[in-house]
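Worksheet for the structure shown next.
The values are calculated or read from the model by the stated rules, or taken from the named source; none is laboratory data. Here the structure is a predicted model, which means the values were calculated and not measured. Note: ideal-geometry Cβ built from the backbone for every residue, glycine included; neighbour counts use all protein chains shown.
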Amino acid sequence: MFLFYFSVTLTICSVTLYQFTAKSTPTNVNFAVSLLVTYAVAFTATLFTFYFFPIQDGLTAELKRLNWTSVVFGIAALGIELGVLLTYRAGWNLGIAGLLVSVVASLLLVPVAVFVFRDEISSVNVLGIFVCFAGLVMLNWKG
């Protein structure tokens, strides 16, 4: 039960810190330099996670278990980092940009969840999806 709540709390706190930090990144710094430092810190921090999640069968065995997803995950992560930096440099508001991206990405994932992963969507979930669409309209409402 601890992992259930800890994992989502860690994600929420990290996304919040991520958006704040991306918005606060100096506009006069080169994107590549910023991302290079970001990923160097992430790489170093990842090494410390081996303390909590030790490798059982050796690094070579773990590397052999990998598939295409790790490569695509890396490309997606870079796209997210670069996209968010560009979004804030283009002048998006902190409170709107993160919300808009999260809601639209979540809505795009609904058919993937249903048709690829065979997830069940209840009537309450469908109502929530419509509320998300209404929220998108309200985010862009010029009133």
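Restricting the search to the stretch 30-47, which residues are aromatic (Phe, Trp, Tyr) and within 15 Å of the chain's Cα centre (by Cα)? Steps first, please.
Kept after step one, since they are aromatic (Phe, Trp, Tyr), are these residues of the stretch 30-47: 31, 39, 43.
Selection gives Tyr39 alone.
Filter the stretch 1-11 for residues that are farther than 23 Å from Trp92 by Cβ and surrounded by 10 or more Cβ atoms within 10 Å (Cβ to Cβ); which is farthest from the chain's Cα centre (by Cα)?
Step one: of the stretch 1-11, the residues farther than 23 Å from Trp92 by Cβ are 1-10.
Retained after the next criterion (residues that are surrounded by 10 or more Cβ atoms within 10 Å (Cβ to Cβ)): 6-10.
Values: Phe6: 17, Ser7: 14, Val8: 12, Thr9: 14, Leu10: 12 Å.
Applying the filter and picking the extreme gives Phe6.
Residue check: is Val137 part of a helix (DSSP H, G or I) and loosely packed, with under 11 Cβ neighbours inside 10 Å?
Numbers: part of a helix (DSSP H, G or I): yes; loosely packed, with under 11 Cβ neighbours inside 10 Å: yes.
Against the criterion (part of a helix (DSSP H, G or I) and loosely packed, with under 11 Cβ neighbours inside 10 Å), Val137 qualifies.
Could you grab me the full set of residues in the stretch 85-143 that are closer than 30 Å to Thr38 by Cα and not hydrophobic (A, V, I, L, M, F, W, C)?
Scanning the stretch 85-143 gives Thr87, Tyr88, Arg89, Gly91, Asn93, Gly95, Gly98, Ser102, Ser106.
Working only within the stretch 12-29, note down all residues that are surrounded by fewer than 11 Cβ atoms within 10 Å (Cβ to Cβ) and either under 12 Å from the mean Cα position of the chain (by Cα) or part of a helix (DSSP H, G or I) (or both).
Step one: filter the stretch 12-29 for residues surrounded by fewer than 11 Cβ atoms within 10 Å (Cβ to Cβ), giving 12-14, 17, 24, 26-28.
Across the stretch 12-29, the qualifying residues are Ile12, Cys13, Ser14, Leu17, Ser24.
Would you call Gly91 among the small types (Gly, Ala, Ser) and more than 18 Å from Lys23 (Cβ to Cβ)? So that I can check it myself, show each step before the final result.
Working: among the small types (Gly, Ala, Ser): yes; more than 18 Å from Lys23 (Cβ to Cβ): no.
When the stated conditions are applied, Gly91 does not pass them.
Would you list the helices (runs of 4 or more DSSP H) that sit entirely within the stretch 30-117 and hold 3 or more residues that are assigned by TED's automatic domain parsing to the domain that holds Gly128, surrounded by 10 or more Cβ atoms within 10 Å (Cβ to Cβ) and free of Cβ contacts under 8 Å to residues at least 24 places away in the same chain?
Values: elements: 31-49, 59-65, 68-89, 94-115.
Helices (runs of 4 or more DSSP H) meeting the threshold: 94-115.
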